[in-house]
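All remarks here apply to the structure that follows.
The values are calculated or read from the model by the stated rules, or taken from the named source; none is laboratory data. Since we're looking at a predicted model, the values are computed, not measured. Backbone-built Cβ (ideal geometry, glycine too); neighbour counts: all protein chains shown. The accessibility values were calculated without ligands, DNA or RNA, using every heavy atom of the protein model including side chains. Shrake-Rupley method; radii C 1.70, N 1.55, O 1.52, S 1.80 Å.
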Amino acid sequence: MKFETRAIHVGQEPERTTGAVVVPIYQTSTYAQRSPGDHLGHEYSRTSNPTRDALQTCLASLEGANHGMAFSSGMGAISTILTIFKSGDHVISTDDVYGGTFRVFDKIFKEFGMSFSFVDTSDIRALESAVRPETRMVWVESPTNPLLRITDIRKVADLCRSRGLLLAVDNTFMSPALQRPLELGADMVVHSTTKYIGGHSDVVGGFVGTNNPDLHERIKFRQNAVGAVPGPFDAWLTLRGIKTLPLRMAAHESNARHLAQFLSSHPFVQEVIYPGLPSHPGHAVQKTQASGFGGMIGMRVRGGLEAARRVCSSTKLFFLAESLGGVESLIEHPAIMTHASVPKEQREARGITDNLVRLSVGVENREDLQADLEQALQLSQRDGSSR
Ligand code: P1T
């Protein structure tokens, strides 16, 4: 079965007692047993739930994973993975990662005696020289949030294999419709399903997929022990979103390509960051490992913080909000919003400047989106006192 068909059918057989074509929301916390230990496959909904099972089966299939686990949030997924390690273990992470990922590594797991190195994983030599005897895992985001840097996942997977390290790839910005890290050699694929997978900005969730049965058992054990599981309705909303994932990704990308072109020649935009532009340093690698470039754009606005602030406050269709990947376009200011938890010096060293604005391009009409950005950019250059 091809991807589009699997998105609609895998894990989603008509329900046996009524023939309902949509997986029901099994809104139950527990399951009646015939005699102690004699049950129909489910005991308690922290451990398993049929609606969640359907979501896990479908998403695992889309990522080419034998095993899938759905979580209450992307951070719930990431934190649960980290609990497989112990004090003294070392993790190397892409330096440009989502602010919340940086925060949980740097502020929570460090307190438990783990250590982290944040390196530019697009530079394989820098990655190699960060490996220590106590290194256990490499954590890659590609494209990164927010700077859309591209890491060669195959190369990193080869390095990890030769050094006995696990490789986890956060695939949130691509979704399995465009990139499947397990096929490129990663041990784990991770998602904030809040984004493109859910696709409608109405549910928070996370996912981990793997082909390693031992890893699956260890993470599943911890998921049940720690408890970051999605409720049945959240699992159902996410599963409903998945049905249109390939259609939406194509629309996000075609709008993003159009807007990236438009912004590239705009006099009030200093730099456009979009992996689909041939000038992007990761463009060639991206073409070898993904079937597209996605719907996220970074732009540095001329005029510094004030101009960036004015653009963000002036768009009407692009809502000023954290998050991404929904059908509606969003705009945000990483330094003040999504990446405020990264210390200022580190932000600046990474390139998260005060004039950087992040766009999550939705599936609205591209001319409407262009006109919205145009009017906001015009306002960005006016003297602030006139508004
Ligand atoms: O928000 P949550 O579902 O817990 O997922 C966290 C997360 C993990 N990985 C990546 C790449 C992410 O972008 C996120 C969440 N990001 C945002 C909320 C944001 O606006 O960038």
Between residues in the stretch 134-149 that are within 17 Å of Ser323 (Cβ to Cβ) and residues that are of a type in the set (Gly, Ala, Ser) and assigned to a strand (DSSP E or B), which pairs lie under 8 Å by C-beta distance while being six or more apart or on different chains? Pro146/Gly298; Leu148/Gly298
So if I check each of Leu55, Leu62, which one is within 16 Å of the ligand (Cβ to nearest atom), part of a helix (DSSP H, G or I) and among the aliphatic types (A, V, I, L, M)? Leu55
Which of the residues that make up the stretch 185-205 are more than 10 Å from the ligand (Cβ to nearest atom) and open to solvent by 20 Å² or more (accessible area, probe 1.4 Å)? Gly185, Asp187, His200, Ser201, Asp202
Give the residue that is least open to solvent (accessible area, probe 1.4 Å), with candidates limited to residues of the stretch 304-329 that are farther than 19 Å from Leu147 by Cβ and touching a Lys or Arg at 6+ places or on another chain (Cβ under 8 Å). Gly326
Kindly indicate whether Arg309 is assigned to a helix (DSSP H, G or I), farther than 22 Å from Ile197 by Cα and not assigned by TED's automatic domain parsing to the domain that holds Pro146. yes
Checking the condition within 13 Å of the ligand (Cβ to nearest atom), among the charged types (D, E, K, R) and either surrounded by fewer than 18 Cβ atoms within 10 Å (Cβ to Cβ) or under 20 Å from the mean Cα position of the chain (by Cα) (or both), which residue from Glu332, Glu345 passes? Glu332
Quick one: would you say Gly68 is small (Gly, Ala, Ser), in contact with a Phe, Trp or Tyr (Cβ under 7 Å, 6 or more places away or on another chain) and surrounded by 13 or more Cβ atoms within 10 Å (Cβ to Cβ)? yes
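Within the stretch 208-225, how many residues turn out to be more than 14 Å from Asn66 (Cβ to Cβ) and either more than 16 Å from the ligand (Cβ to nearest atom) or of a type outside the set (S, T, N, Q) (or both)? Explain how you work it out, then say what you get.
Here is the first cut: in the stretch 208-225, the ones more than 14 Å from Asn66 (Cβ to Cβ) are 218, 221-225.
Add one more test, that the residue is either more than 16 Å from the ligand (Cβ to nearest atom) or of a type outside the set (S, T, N, Q) (or both), and what stays is 218, 221-222, 224-225.
So the count comes out to 5.
Identify all residues within the stretch 151-176 that are assigned to a helix (DSSP H, G or I) and open to solvent by less than 10 Å² (accessible area, probe 1.4 Å); write none if there are none. Quick ask: steps written out before the conclusion?
Here is the first cut: in the stretch 151-176, the ones assigned to a helix (DSSP H, G or I) are 153-163.
The answer is Ile153, Val156, Ala157, Cys160.
Determine which member of the set Gly292, Gly276 is under 24 Å from Arg248 (Cβ atoms), in a loop (DSSP other than H, G, I, E, B) and open to solvent by less than 10 Å² (accessible area, probe 1.4 Å). Before the answer, list the steps.
Values: Gly276 fails: open to solvent by less than 10 Å² (accessible area, probe 1.4 Å).
Unique residue meeting the criteria: Gly292.
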Filtering the stretch 324-348 down to residues that are touching a helix residue (DSSP H, G or I) at 6+ places or on another chain (Cβ under 7 Å), among the aliphatic types (A, V, I, L, M) and at pLDDT 95 or above, which residue is farthest from Phe173 (Cα to Cα)? Ala335
So, first residue in the same structural domain as Gly198 (by TED's automatic domain parsing) in the stretch 1-30, second residue β-branched (Val, Ile, Thr) and in a loop (DSSP other than H, G, I, E, B), Cβ within less than 6 Å, six or more apart or across chains; the pairs are Gln12/Val23; Pro14/Val21
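Collect the residues in the stretch 241-250 that are surrounded by 18 or more Cβ atoms within 10 Å (Cβ to Cβ) and either out of contact with any Phe, Trp or Tyr (no Cβ under 9 Å at 6 or more places or on another chain) or not in a helix (DSSP H, G or I) (or both), keeping them in residue-number order.
Initial filter on the stretch 241-250 (surrounded by 18 or more Cβ atoms within 10 Å (Cβ to Cβ)): 241-242, 245-246, 248-249.
Scanning the stretch 241-250 gives a single hit, Ile242.
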The correct count of residues that are open to solvent by 60 Å² or more (accessible area, probe 1.4 Å) and either part of a helix (DSSP H, G or I) or closer than 18 Å to Asn171 by Cα (or both) in the stretch 123-142 is 3
Among residues of the stretch 279-289 being assigned to a loop (DSSP other than H, G, I, E, B) and open to solvent by 40 Å² or more (accessible area, probe 1.4 Å), the residue farthest from Pro176 (Cα to Cα) is Ser279
Which condition from (1) farther than 27 Å from Lys243 by Cβ; (2) open to solvent by less than 20 Å² (accessible area, probe 1.4 Å); (3) of a type outside the set (A, V, I, L, M) is the one that Pro181 breaks? (1)
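Among the residues of the stretch 93-118 satisfying the criterion of being more than 16 Å from the ligand (Cβ to nearest atom) and within 16 Å of Glu134 (Cα to Cα), which is most open to solvent (accessible area, probe 1.4 Å)? Talk me through it step by step, then tell me what you get.
First pass over the stretch 93-118, keeping only residues more than 16 Å from the ligand (Cβ to nearest atom): 110-115, 117.
Cutting the leftovers down to within 16 Å of Glu134 (Cα to Cα) gives us 110, 112-115, 117.
Working: Lys110: 105, Phe112: 142, Gly113: 36, Met114: 11, Ser115: 35, Ser117: 23 Å².
For the stretch 93-118, the residue satisfying everything is Phe112.
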